[in-house]
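Chemist: This is the structure I have questions about; it appears just below.
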Amino acid sequence: MVNDHSASAGDATDLKAINGIVQTFFAAFASGPDCRARLDALRMLFLPEAVIVRTCGSEPVRYGVDGFIAPRQALLSSDTLVDFREWELSGRIELFGDIAQYFGSYAKTGVQDGTPFTARGMKTLQLVRMSQGWRISAVAWDDEREGLTVE
């Protein structure tokens, strides 16, 4: 495990499963070959009713699973966003019984409409244990901007 994930309670099997979900989540956001397969793998990790929220300094925007994934698939598969990838910098998993949360920092880089960019932010994932394994019930994120930096 590259990142500093720990738990307040729980066992190594749960932590390994949750860490796998976190890694699949971040790996899904990359342009290039297999984009659709990575996003399909991500879709399978969400509860169908999961809520995804983007804040980023404006009024929060709420998405359902398909409303979140479909536009990202179109963008990551387009010629307008190339060499894009997003990755975890560090994070923490907290676990209690059948609930868990991940909170961590991430970075992203790419070229959009010919202009290179980099950014960082923080994401939180809420997870619940189902009979078929751990699933994401909610995600929220915020990106750096003037007056707000990842430390």
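The values are calculated or read from the model by the stated rules, or taken from the named source; none is laboratory data. Everything numeric here is computed off the predicted structure, so don't read it as measured data. As a convention, Cβ positions derive from the backbone with ideal geometry for all residues, glycine included, and neighbour counts pool all protein chains shown. All accessible areas refer to the heavy atoms of the entire protein, side chains included, with ligands and DNA or RNA removed. Shrake-Rupley method; radii C 1.70, N 1.55, O 1.52, S 1.80 Å.
Chemist: Measure off 7 Å from each Cα along the Cα-to-Cβ vector at Ile99 and Asp34, then give the distance between these two points in nanometres to one decimal.
Modeler: Here the answer is 3.5 nm between the modelled labels.
Chemist: Here is a follow-up. Out of all Cα-Cα pairs in the chain, roughly what percent, to the nearest whole number, are more than 22 Å apart?
Modeler: Cα-Cα pairs of the chain separated by over 22 Å account for 41 percent.
Chemist: Using +1 on the beta carbon of Lys and Arg, -1 on that of Asp and Glu, and nothing else charged, what's the dipole of the chain about the Cα centre, debye to 20?
Modeler: The calculation lands at about 260 debye.
Chemist: Determine the share of the chain's accessible area contributed by carbon and sulfur atoms, expressed in whole percent, with a 1.4 angstrom probe.
Modeler: Here carbon and sulfur together make up 55 percent of the probe-accessible area.
Chemist: Order of 122-128, 26-32 by packing, highest average Cβ count within 10 Å first?
Modeler: Packing order, densest peptide first, comes out as 122-128, 26-32.
Chemist: Calculate, for the chain, the solvent-accessible area per residue in square angstrom, rolling a 1.4 angstrom probe over the heavy atoms of the protein chains.
Modeler: 55 Å²
Chemist: Rounded to the nearest 500, what is the 222 nm mean residue ellipticity of the chain from helices alone, with -39500 (n - 2.57) per DSSP H run of 4+ residues and division by all residues?
Modeler: That calculation yields -7500 deg cm²/dmol at 222 nm.
Chemist: Of the listed peptides 68-76, 109-117, what is their order by residue-averaged count of other C-beta atoms within 10 Å, with the highest listed first?
Modeler: Going from most to least packed, we get 68-76, 109-117.
Chemist: Provide the per-residue ³J(HN,Hα) series for region 104-116, in order, calculated from phi with Karplus coefficients 6.51, -1.76, 1.60 and θ = phi - 60°, each as a whole number of Hz, with x at glycine and proline positions.
Modeler: x, 9, 8, 10, 8, 8, x, 10, 10, 6, x, 10, x
Chemist: For the chain, return all DSSP H helices satisfying: extent of Cα atoms along own axis at least 15 Å; mean Kyte-Doolittle hydropathy at least 0.0.
Modeler: 12-27, 65-76
Chemist: Still on this structure, I have one more. Say the dipole of region 24-151 comes from +1 at the beta carbon of Lys and Arg and -1 at that of Asp and Glu; which of Leu45, Val61, Val111 then lies farthest toward its positive end?
Modeler: Farthest towards the positive pole: Leu45.
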